[in-house]
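Notes follow the structure.
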Amino acid sequence: MNDRRRPFPKPIPRYTANERTNHWLVALSFIAAALSGLALFHPWGFWLTALFGGGQWTRILHPFFGVFMFIVFFLLAFRMWGDNTMDARDREWIRSMRQVVNNREEGVPEVGRFNGGQKLLFWSLIVCMIALLLTGLVMWRPYLAAAFPLGLVRFASLLHAFFALVIICLIIVHIYSGFWVKGAMAAMTRGWVTRGWAYKHHRAWLRDIDERDAR
């Protein structure tokens, strides 16, 4: 058949509409929680309180943003739990990270729906989310903080700031990766990728799809 008349390969579904909606809810709640948290963290960020109706409203809203983010994040995490279990191939992929960053993926192990770096991010986010929730509950005035010793509330405040910094750094890496890997951001907006993209970045995942469709 003439190449010009050959049908374009069928796109590969990457994320369902529910997964994409859930993902963007996490993203929006993260932005609200991060900006309101930075506004409360240090006087230089106080101008951010204008986004939330002033200092008092920022203090009131920040814990609710955090709890909402925790809920929608874990809804998404439960959807993707099975695709994020680490195996020997992922550990080998992580050891080959330098080749991936330098765009030399020859010899890098094939990966499934998510690569080792994405899985590492997934589990790091879970640890940070749990830590932020627990420390945030201890600090939450006027509802819960009074039930804990002052020393514990202060220690929880330090841990909360530490894990907030870690999760902001992780999300910056996540956003950078989304733009750096051409086609990754489009997958999270339109829900599908080309066969070429799947073959280049997630070959084992593409093979599983082909085997499932052939049955």
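The values are calculated or read from the model by the stated rules, or taken from the named source; none is laboratory data. All values derive from a computational prediction rather than experimental measurement. Neighbour counts are summed over all protein chains in view; Cβ atoms, including those assigned to glycine, are modelled from backbone coordinates with ideal geometry. Heavy atoms of the whole protein, side chains included, go into the accessibility calculation; ligands, DNA and RNA do not. Shrake-Rupley method; radii C 1.70, N 1.55, O 1.52, S 1.80 Å.
Amide H contacts of L144: none lie under 5 Å away among residues 5 or more positions distant or on a separate chain (H built 1.01 Å from N in the peptide plane; Pro and chain starts excluded).
Taking the longest Cα principal axis of the chain as reference, the axis of helix 203-214 is set at about 60 degrees. Phi-derived couplings, Karplus 6.51 cos²θ - 1.76 cosθ + 1.60 at θ = phi - 60°, listed residue by residue for segment 18-28: 5, 5, 5, 4, 4, 4, 6, 5, 4, 4, 5 Hz, with x used for Gly and Pro.
All other residues with a Cβ under 10 Å from the Cβ of G191 taken together, and with Lys, Arg as +1 and Asp, Glu as -1, what is their net charge? Intermediate values should be presented prior to the final figure.
Working: positive: R14, R20, R190; negative: E19.
Charge balance in the 10 Å sphere: +2.
Across segment 137-143, rounded Karplus estimates of 3J(HN,Hα) from the backbone phi angles (6.51 cos²θ - 1.76 cosθ + 1.60, θ = phi - 60°) give 5, 5, 8, 5, 9, x, 7 Hz, Gly and Pro being marked x. Placing +1 on the Cβ of every Lys and Arg and -1 on the Cβ of every Asp and Glu, with no other charges, gives segment 1-90 a dipole of roughly 500 debye about its Cα centre.
Within the accessible area of the chain, what % is carbon and sulfur when the probe is 1.4 Å and the other protein chains stay in place? The C+S portion of the solvent-accessible surface of the chain is 67 percent. Could you tally the net charge around T21, taking each other residue with its Cβ under 15 Å from the Cβ of T21, Lys/Arg +1 and Asp/Glu -1? Charge balance near T21 sits at +3. Scanning residues 5 or more positions from V193 or on other chains, those with amide H under 5 Å from its amide H are I12, R14, with H placed 1.01 Å from N in the peptide plane. Surface analysis of the chain yields an accessible area of 63 Å² per residue, using protein heavy atoms and a 1.4 Å probe. Spatially, segment 9-79 and segment 119-178 are offset by 13 Å when compared through their Cα centroids.
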